[in-house]
Amino acid sequence: GKMQERVLLPRLQDTAAILRRFTLNALGRYMQLKFLWTPERILQGFFDPAPEVRLQAIEIAGAWFEGDLDDSALVREAASHLAERSRDSEPRVSAAALRHLRHPVLVSQLSDDDFARVANLALTAPDSHGLLRVEAALFVEQHLLPEPGLGIAAKKQPGEEGDDLERHFITEHGLMAVADFLTSYLPENDQLHLSRRFVEALWLRTDAFRRWSALADLCLLGEGQGAARGVPCLPTRQRLALLVVLDAALKCAEVPGDATEALLPRLPRLFELFTAEGLCFLDVLASISRRLICAACQKDEALPRALLVALLSALRTRRSGVHAMLQLAEALVAWAERSSEVQTATRQLVLDLYSSLSLQLSSPTSELSQVLGPLLALGHRGVDLWTCDKIGLGNKIFGSALSILEASDGQQPEGEAVPTVSPRVAAELLQLLTLLSCWRARCLLGEASKENSGFLMWCHLIRASCSKVMAGEANDLLLRLEAFSCYLLLLHLEFLGHKDTQGLPKVPEQHLTSIDLALRDFYAGHTTSSSSWRQSAAQLGGRDVTICRWLIDRYLREADEADGDATTPERWEEVRSMVASCASRMLAECQHEAIYTSSAAERLLQQLGHVASVDPGKSGSDTQVAALQLLSRLRRYGNRSAHEAAQGYQMQFRAAARHAKENGLESGLQLAKTLIHWSAPPIIAGSRAATQLGRGMTVALKACSSKGETEKMGLDLEVLVPWLRDAGCPLPGPAAQKLATQLAEDFGLLGQSITAHPQKRPRPWRLTAPAGVWPLVTALQAIGSRIPRSNSWQAKLQETAKRRLAKRRPAQQPVPPVPPAATAATVTWLAPLEKKSPEATVKRKRDEKPRSTAPRVQVPQAPQAAPAKRKWQLKDE
């Protein structure tokens, strides 16, 4: 034993993890055979840096407690170490630690804090630790829930069937215990959505969550006139927890047929009881209703008419949140697809909301958002808001909404006073107008151009209003983001109203300036206020919404419960970064030429310099990814025409110049190198794309180095030098030499021009050369004076491949005409000559004698011996 100890123990300190693991395995076998007993060495392996070694040590320690172990100190220490390893970053290690920790001997030695932390892992373990979440849920069911729990430990013998009443009692008892556990470990209502993780972990191990009628009856316990009316009701939070469990069970089971039969008749009563309880109840009920109604419609099952009344009243209630309204609207639309009665009720609901909205727009109040929410939810989920308006309220709402949006910027129309609204209501109004435009564009597809003229004017007025909102620096950050998104969407919608490409939508210069100002504030991290966007906290569902709506729902409403109107920089930092990322992606993906070649796009390219200066080794943020996408797009467009190549180079030159002006020349040069490095695809010398890019660069250099441009922008021409010094610069040598001469003449760098008139020659002491002109001229002269290289091997390879393909094509050889037979009357020199094929013609040498016409006679010759090899010999001197 001592010899084995002397051999094995030093190997536990080996640098190789595989050797430490094998040593632990051998040590565990010797301890099992009672040759050695060194548990402290195994416990030290719990903290090894290699996950394989930690896993091996946990497996060895877990085998100790299968038998009788009397060492209480060792049990207490092992339980503490296993509880600590249950929070390991490696999923396998944490799951193995918690699996062995479920042993009753170890659980009895856990402290109260360790027990609570282990039980909480069933709700808070990340998705990457799915097996850990299962082990934690089994730990809770085995050691925390009162007997018999959820019936997982009770194993039935083959052929043994329990009583239905007994199974029902066990199920209700287990569900009430689960509700008690969830409400104890999740003290806040907005945390109860984590109950879904517990249900998903135990879904395949118990049938308690498939008892649909038991789940619903527990929520309705003590209500109504049934036999259980005298039983006291469950607490409100336990009812909410059971509703969340029911929703998670429906998601796991994918809504089977028995669930719709058991729950659909009980849904109206649930809505009646819990509509007034709060937003959390409505969110869960809306999700359950959507799952059940969509599943019933797919299977053509009958739905109770009382449920329609409950859905319509829940949509109209003032307590409904955005998430709940989206779920209810989706359920209503799915039902309306197979029922004319529901379609009529939905149209009437839209008309009632229109009428209420038109009345409230005349004197806006805080209740305006309660009318806009259902309209937006119905429009997003497939209800045609434009065709439902049969009485013409859409135009009235359009005019009132535009007046309110202009007043939100502090610009009151002349002669009238328009009340202002909160930024959240203004954003919802803007989103409603955009949604109406989308539905109107859908109706106008394929119609005459006369009908499209009104739609184009509609979009133009909304874009003008969005421009004013973006230009207002006092406006809220997310209101300007909503205006930014709506402007780009409407700009793309206007393409539908044009029949040809001659009258494409124009973007005024004022609108481009507003977009640039908004993007500048997005990148600067403008502050926002949570009080203007107040909404109760709730869990966002997995339904698709717009980017701006997702931002509002996901981030802003989470801050309302904690600090109220207080705004902390840490809380809004993520919001600011998301605003900048979303705006950058929308700008990079815009298809309008006026947008992706504007000053706002130059500002987006400029962000590459900011990101590189902060963290050069980082892979890149979302803003940097959007900038790289725009840069690649400009290169792709520049490969096909010189005009688009010139636009792309001008944008890069101006972005580098602006960055140099704001942050110094070194930062501008660094941004120029970054733009050159990330421009893709690479330029192949001699290709057609290189020719187009060279012409475009020539035009861009002339435009950026002119007198007017340098004076207007204060451009330092040295920022253009990295493009000229790049190895793949496509600028032709003659064009570079001509441009260098022109710059030298314009700025008086030659003293006096040879080509100019003597009286008009510039004087060097009268001209002030712009900054950086000498490095630019020097770089241009270097390109103009270099020896022109032949085409690159890639271009030559392309030409060779084209030539070989042309040779392989079968040529259509014309059939030569048959000459007529020669007669005596035919003149010889008028007869057509026979064209010989190029293979038959043999080129003779000049000194070759003409061949004789005499027949050749072959003379036999004797065979000659092979010539002897010549040997070289060295002479001895």
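Quick look at the numbers
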read-out	value
Chain lengthening between GLN13 and LYS796 when straightened (0.36 nm per residue, less Cα-Cα)	275.7 nm
All Cα pairs of segment 48-92, percent lying beyond 15 Å	45
Segment ILE391-GLU52, length gained on full extension (0.36 nm per residue, minus Cα span)	114.8 nm
Linear extension gain, CYS443 paired with ALA727, 0.36 nm per residue minus alpha-carbon span	96.8 nm
Subset of LYS673/LYS796; LYS506/LYS738; LYS738/LYS802; LYS468/LYS506 violating a 26 Å alpha-carbon distance limit	LYS673/LYS796; LYS506/LYS738; LYS738/LYS802
Per residue accessible area in Å² of segment 246-345, where ligands, DNA and RNA are left out and the probe is 1.4 Å	39
Within the accessible area of segment 168-309 (1.4 Å probe), percent carbon and sulfur	50
Distance between modelled label sites at GLU574 and ASP207, nm, 7 Å Cα→Cβ extension	4.2
Heavy-atom accessible surface of segment 587-740: percent carbon and sulfur, 1.4 Å	52
Formal net charge of residues neighbouring THR260 (Cβ-Cβ distance under 12 Å; K, R +1; D, E -1)	-2
Solvent exposure of segment 659-714 as accessible area per residue, Å², 1.4 Å probe	53
Ranked packing of 21-30, 472-481, 679-688, most packed first, by mean Cβ within 10 Å	472-481, 21-30, 679-688
Gyration tensor (alpha-carbon) shape descriptor, segment 315-382, a/c threshold 1.5	oblate
Segment 283-344 and segment 632-649: distance between their alpha carbon centers, rounded to Å	51
Ranked packing of 251-261, 645-655, most packed first, by mean Cβ within 10 Å	645-655, 251-261
Part-to-part distance (alpha-carbon centres) for segment 452-473 and segment 663-694, which is given in Å	37
Using a Förster distance of 51 Å, the FRET efficiency for LEU359-THR236 (Cβ separation, nearest 0.05)	0.90
FRET E, pair ALA116, ASP352, Förster distance 56 Å, beta-carbon r, rounded to 0.05	0.65
SER128 versus HIS643: modelled label distance in nm, points set 7 Å from Cα along the beta carbon direction	5.1
Whole-angstrom gap from segment 250-266 to segment 14-50, using each part's C-alpha centre	52
Inter-label distance for GLN781 and LEU69, nm, one decimal - labels placed 7 Å from Cα along Cα-to-Cβ	8.5
Segment 634-703: translational diffusion in µm²/s, Stokes-Einstein, Kirkwood Rh over Cα pairs, 4 °C, 1.567 mPa s	105
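The values are calculated or read from the model by the stated rules, or taken from the named source; none is laboratory data. Bear in mind that the values here come from a model prediction, so they are computed numbers and not experimental data. Every residue, glycine as well, gets a Cβ built from its backbone with ideal geometry; the counts of neighbours run over all protein chains shown. For accessibility, only protein heavy atoms count, side chains too; no ligands or nucleic acids. Shrake-Rupley method; radii C 1.70, N 1.55, O 1.52, S 1.80 Å.
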